[in-house]
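Shown next, in structure tokens, is the structure this report addresses.
The values are calculated or read from the model by the stated rules, or taken from the named source; none is laboratory data. Just so it is clear, the model here is predicted, and its values are computed rather than measured. Cβ placement follows ideal geometry from the backbone for every residue including glycine, while neighbour counts extend to all protein chains displayed. Ligands, DNA and RNA are excluded from the accessible area calculation, which covers all protein heavy atoms including side chains. Shrake-Rupley method; radii C 1.70, N 1.55, O 1.52, S 1.80 Å.
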Amino acid sequence: TINSPAGNPVTYNHTGINPQIDQYSYYIIAVDSCGNNKSKTYEIHSPVNISGKGLNQASQINWKPYTGFTVKTYTIQKRKGAGWITVYVAANTDTTYTENNLTCNIVQTYRILSTENGGDNASAYSDTVAMRWAFLAYSGK
């Protein structure tokens, strides 16, 4: 709870959590200075919880869906230099993506952009996940 916020806009930093394991939801209720009147509507927002693993010359990205607005698409982005490039645009029902034919010994870093279907065309980024593909050898024995 933030009482008598000093800033505009008000910010909150949630520390001591592990978003790789748990998904957190947040909502805001505005209350007047006397504590009598509360906002009547609010939306609960949970950002996409992303995870991944390296496969044989591939990266597999998995995510828990965004909640808070109806998602139109999930845009999977990969870090390239100082910026990000789009590698795939997934449907709002998808929760996994695999990128194939990756270069050896290169760490790949991904994030997901959730885009609202209609409304304000809001968007929200996930956290990031980094991985390197694993060489899977088979000896035949």
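See the values below:
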quantity: Residue that is modelled with the lowest pLDDT [pool: residues in segment 29-57 that are over 13 Å from T96 (Cα atoms) and not in a loop (DSSP other than H, G, I, E, B)]; calculated: K38
quantity: Single match in G119, G83 (criterion: at positive phi and out of contact with any Cys (no Cβ under 6 Å at 6 or more places or on another chain)); calculated: G119
quantity: Sole residue being of a type in the set (S, T, Y), open to solvent by 80 Å² or more (accessible area, probe 1.4 Å) and not in a loop (DSSP other than H, G, I, E, B), chosen from Y110, Y88; calculated: Y88
quantity: The lone exception for F135 - which of (1) within 29 Å of D22 (Cβ to Cβ); (2) at pLDDT below 85; (3) open to solvent by 30 Å² or more (accessible area, probe 1.4 Å) it fails; calculated: (1)
